[in-house]
1. Considering only the range 122-135, how many residues are surrounded by 14 or more Cβ atoms within 10 Å (Cβ to Cβ), within 27 Å of VAL23 (Cβ to Cβ) and either touching a Leu at 6+ places or on another chain (Cβ under 6 Å) or not β-branched (Val, Ile, Thr) (or both)?
2. Pairs please, first residue from the range 228-254 and free of Cβ contacts under 8 Å to residues at least 12 places away in the same chain, second anywhere and in a helix (DSSP H, G or I) and not hydroxyl-bearing (Ser, Thr, Tyr), Cβ atoms under 7 Å, 6+ apart in sequence or on different chains.
3. Being aliphatic (A, V, I, L, M), more than 18 Å from ILE366 (Cα to Cα) and surrounded by fewer than 19 Cβ atoms within 10 Å (Cβ to Cβ) is the filter here, so list the residues in the range 70-115 that pass it.
4. Does LEU21 count as more than 16 Å from GLY206 (Cβ to Cβ), touching a residue at least 12 places away in the same chain (Cβ under 8 Å) and part of a helix (DSSP H, G or I)?
5. Report those strands (runs of 3 or more DSSP E) wholly inside the range 122-171 carrying at least 2 residues which are among the charged types (D, E, K, R).
6. Could you list all residues from the range 334-365 that are surrounded by fewer than 16 Cβ atoms within 10 Å (Cβ to Cβ), aliphatic (A, V, I, L, M) and within 18 Å of PRO47 (Cβ to Cβ)?
7. Select from the range 172-209 the residues that are among the hydrophobic types (A, V, I, L, M, F, W, C), without any contact (Cβ under 8 Å) to a residue 60 or more places away in the chain and part of a strand (DSSP E or B) and list them in ascending order.
8. With the structure loaded, tell me whether LEU15 is crowded, with 23+ Cβ neighbours inside 10 Å, outside any loop (DSSP other than H, G, I, E, B) and within 16 Å of the chain's Cα centre (by Cα) or whether it fails that test.
Amino acid sequence: MSLRILVVGAGIAGLAAARGLRVAGFRPDVVDKLSASVVPAAGIFLPGNAIRAMRRLGLDAPLRPLGDLIFRMIFLDSRARGLFELDAAAIWAGVGESRALSRGELQRVLLTGVGGEVRYDTEVSALQAVDGAVKVDFRDGRVAEYDLVIGADGRRSSVRVHAGLGAAATPTGQVVYRSVVRGAPPLSDLTVLLGRRCAFQMMPMGGRRLYCYADEIVTAGTPDAEDPLARVRELFADFGGHVPAVLEAMETVQVAHTDEVVLDRWHAGPVLLVGDAAHATAPTLAQGAAMALEDAVVLGEVLRESSGDIPAALDAYEKRRRPRCVQMRERTLERDRTCEVPPTLRDPMLRRRGQRIFTDHYRELILPF
């Protein structure tokens, strides 16, 4: 069948959606307002369900030489004393391996699956429903018409606003710091140190690199640190284990305030939101990319099965995806509430029950989607 489809956004969600559509037999256009030279520099952790989705998109093989496999997750207190461990290989057995790699590497793999040109420096300025289709105005003055527009343009989605599906994302009160560190002590496991209202996470990502992800909870209105690297070193100065050596080797830090997107509906007419544009959460469970990859698989399937009936396909899509994404938000909020508990109460509880509690957070994700 021939459908004119536009995917707005060429990040993980947009490229994955384009791939899911290609696998289903469609040939979407893909645009992004950013330049092609903008390549994400941070790392990313892909749990087993993300790898399963990549496999269903036919893109798992190119991932295998990249990054590093994560077999174990170790949780420590701020002085590097043990809290509990998770056997990641056992949790995701039969689903997929867990892998840490560069975001740029993942994006290049997804680009190979698009099967067509991505038009960069191309911004959507307006959407208008016209006889069951969508008239799309671009910032450069061009106009085009599509049967379906996919908004995969992230937490601050312009498609969401143009389609009247929701306004700004809601801040979570969490600030995250990301860094790729070279020359740090070798590490074979994903290692998390939990402090008071903050945490420091490290994982190997291949090429003698560590991906470091740290976060802190702040009150509303707290100004951004003028020097993110200095802030990270100050915040985690008293942490033990490998943290002091990693902080010393750290050269640059990316900082961001996290927010979430909660919408009553994900589609209006022939416009659909996917990925963070529809259901962003704090990145606590490392499920942002995984949910976007799963979205892409389901999107292709429902459109192929709908025989061109776009309203039916979008209804089917939301019916399949919403319960899983709602569950993921609930698990994320549960995990984040742990950070609010004083360590004197939290740490003994995690030593007793942490393994079971955190394993349960992933249990629904093992199920088919």
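No lab work stands behind these numbers, since they all come straight from the coordinates. Note that this is a predicted model, so its numbers are computed, not measured. Positions of Cβ are backbone-derived with ideal geometry, glycine not excepted, and every protein chain shown enters the neighbour counts.
1. The qualifying residues number 3.
2. none
3. Just the residues of the range 70-115 that are aliphatic (A, V, I, L, M), to begin with: 70, 73-74, 76, 80, 83, 86, 88-91, 93, 95, 100-101, 106, 109-111, 114.
Then drop every residue that is not more than 18 Å from ILE366 (Cα to Cα), which leaves 74, 76, 80, 83, 100-101, 106, 109-111, 114.
Once the filter is applied, which keeps residues that are aliphatic (A, V, I, L, M), more than 18 Å from ILE366 (Cα to Cα) and surrounded by fewer than 19 Cβ atoms within 10 Å (Cβ to Cβ), the range 70-115 yields ALA80, LEU111.
4. Working: more than 16 Å from GLY206 (Cβ to Cβ): yes; touching a residue at least 12 places away in the same chain (Cβ under 8 Å): yes; part of a helix (DSSP H, G or I): yes.
Considered against the rule, which asks whether it is more than 16 Å from GLY206 (Cβ to Cβ), touching a residue at least 12 places away in the same chain (Cβ under 8 Å) and part of a helix (DSSP H, G or I), LEU21 comes out as yes.
5. On the way: elements: 124-130, 133-138, 143-146, 148-151.
Correct list: 133-138.
6. Of everything in the range 334-365, just one residue is surrounded by fewer than 16 Cβ atoms within 10 Å (Cβ to Cβ), aliphatic (A, V, I, L, M) and within 18 Å of PRO47 (Cβ to Cβ), namely ILE357.
7. Of the residues in the range 172-209, the ones among the hydrophobic types (A, V, I, L, M, F, W, C) are 175-176, 180-181, 184, 187, 190, 192-194, 198-200, 202-203, 205.
Filter once more, keeping what is without any contact (Cβ under 8 Å) to a residue 60 or more places away in the chain: 187, 200, 202.
PHE200, MET202 - these are the residues of the range 172-209 that are among the hydrophobic types (A, V, I, L, M, F, W, C), without any contact (Cβ under 8 Å) to a residue 60 or more places away in the chain and part of a strand (DSSP E or B).
8. Values: crowded, with 23+ Cβ neighbours inside 10 Å: yes; outside any loop (DSSP other than H, G, I, E, B): yes; within 16 Å of the chain's Cα centre (by Cα): yes.
Yes.
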